[in-house]
Amino acid sequence: MTNVRIFVTYKQSVFDPQGEAIKDAIHTLGHDEVTDIKVGKFFDVTIDATGDAVDQTVKKIADQLLVNFNMETYHYQVLEEAK
């Protein structure tokens, strides 16, 4: 068993209107030192596999379901892997 967190974010070249709205709100609160915010989402997934099989599973579910590759990209981190 392996627990992973899959992060999905906009590509650098894609305008992020939600991030801009949050940045504007932060500036309204007086925090002009904040220069950029990117909004994304994450998925905590438990996979009944370890090692390379985890990488293959994450790639398949990201490719087939979680990520719109026209405007998003992803990466993941292993949170916990059972021995």
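The values are calculated or read from the model by the stated rules, or taken from the named source; none is laboratory data. The shown structure was predicted, so the numbers you read here are calculated from the model rather than taken from an experiment. Note: ideal-geometry Cβ built from the backbone for every residue, glycine included; neighbour counts use all protein chains shown.
Numbers below:
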quantity: Of all residues in segment 18-33 being part of a loop (DSSP other than H, G, I, E, B) and among the charged types (D, E, K, R), the one that is surrounded by the fewest Cβ atoms within 10 Å (Cβ to Cβ); calculated: Glu33
quantity: Yes/no for Phe42 being assigned to a loop (DSSP other than H, G, I, E, B) and at pLDDT 95 or above; calculated: no
quantity: Of residues in segment 31-83 being of a type in the set (Gly, Ala, Ser) and within 17 Å of the chain's Cα centre (by Cα), the one nearest to Lys11 (Cα to Cα); calculated: Gly40
quantity: Residue list for segment 55-74, restricted to those being assigned to a helix (DSSP H, G or I) and touching a Phe, Trp or Tyr at 6+ places or on another chain (Cβ under 6 Å); calculated: Val58, Ala62
quantity: Residue, nearest to Phe43 (Cα to Cα), within segment 1-17, restricted to residues that are exposed (fewer than 13 other Cβ atoms within 10 Å of the Cβ) and more than 15 Å from the chain's Cα centre (by Cα); calculated: Met1
quantity: Residues of segment 60-83 classified as within 15 Å of Arg5 (Cα to Cα) and surrounded by 13 or more Cβ atoms within 10 Å (Cβ to Cβ), total; calculated: 9
